[in-house]
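*Asks:* Could you have a look at this structure, given as structure tokens, before my questions?
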Amino acid sequence: MHIDFIFDVENRLIAACHVIKKYYSIGYKFIIFCDNHNMRLFNRMLWSFDDISFIPHVFITDGLAKDTPIILTNTCPSESVKIIGLEIEKFWLLNISDICPPNYFNFIHLIEIVSREPDDRFFARKRWKEYKAGNNNLHSYKLSNDEYHI
């Protein structure tokens, strides 16, 4: 599996919004794995972080999830996709939680975003080690000049 770590960002959720905006604009779909607190915050941020763009997104429990390119979940991402009848191969996974997403290996691509905060860096190192132990293809990118690209 291909895993990209984008590190040294000022704010993890704002960086995640920019990454989603960039890749959504060129046709990618995402499952976003996050805890309850970050899921509510990220939902609000996707609505308000950019005045001129719209990023269609819903919670996994929403009736429109099957027809929406950006889905937020706090449960097992691959199971969530299967439950609503979507093809997992069509989605990238973005993790904005402190743990590795359950069954992350079912996706072809995973993006991790790491802020400069000590706690965030600590948990990112733990995730890196877990991914490395799983023989994944890991890449790291240091963000420069607020460019959100891989």
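*Asks:* What number of residues within region 96-120 are polar (S, T, N, Q) and under 18 Å from PHE42 (Cα atoms)?
*Replies:* Selection size over region 96-120: 2.
*Asks:* Right, another one. Return the pairs, sorted by first residue and then second, in which the second residue is at pLDDT below 90, the first residue lies in region 77-96 and is surrounded by 14 or more Cβ atoms within 10 Å (Cβ to Cβ), the beta carbons are less than 6 Å apart, and the residues are 6+ apart or on different chains.
*Replies:* Partner pairs satisfying both residue conditions: ILE96/ASN38.
*Asks:* Checking LEU72 against (1) farther than 12 Å from LYS29 by Cα; (2) in contact with a helix residue (DSSP H, G or I) (Cβ under 7 Å, 6 or more places away or on another chain); (3) crowded, with 17+ Cβ neighbours inside 10 Å; (4) not polar (S, T, N, Q), which single condition isn't satisfied?
*Replies:* Here LEU72 clears every test but (1).
*Asks:* If we keep just the residues of region 30-58 that are under 18 Å from PRO101 (Cα atoms) and aromatic (Phe, Trp, Tyr), which is surrounded by the most Cβ atoms within 10 Å (Cβ to Cβ)?
*Replies:* So, considering only residues that are under 18 Å from PRO101 (Cα atoms) and aromatic (Phe, Trp, Tyr), the one surrounded by the most Cβ atoms within 10 Å (Cβ to Cβ) is PHE33.
*Asks:* Follow-up question, since we're still on this one. Which residues, taken from region 122-150, are surrounded by fewer than 14 Cβ atoms within 10 Å (Cβ to Cβ), at pLDDT 95 or above and in contact with a strand residue (DSSP E or B) (Cβ under 8 Å, 6 or more places away or on another chain)?
*Replies:* Residues satisfying the conditions are LYS132, ASN137, HIS139.
*Asks:* Just to check your reading of the model, which residue among VAL19, VAL58 is at pLDDT 90 or above, in a helix (DSSP H, G or I) and of a type in the set (Val, Ile, Thr)?
*Replies:* The match here is VAL19.
*Asks:* Do any residues in region 121-143 that are closer than 21 Å to ASN103 by Cβ have Cβ atoms under 8 Å from those of residues that are basic (Lys, Arg), where the two are at least six apart or on different chains, and which pairs are they?
*Replies:* The qualifying pairs are LEU138/LYS132.
The values are calculated or read from the model by the stated rules, or taken from the named source; none is laboratory data. Predicted model only: the values in this text are computed from it and were never measured. Methodologically, a virtual Cβ is constructed for each residue, glycine included, from the backbone with ideal geometry; neighbour enumeration extends over all protein chains shown.
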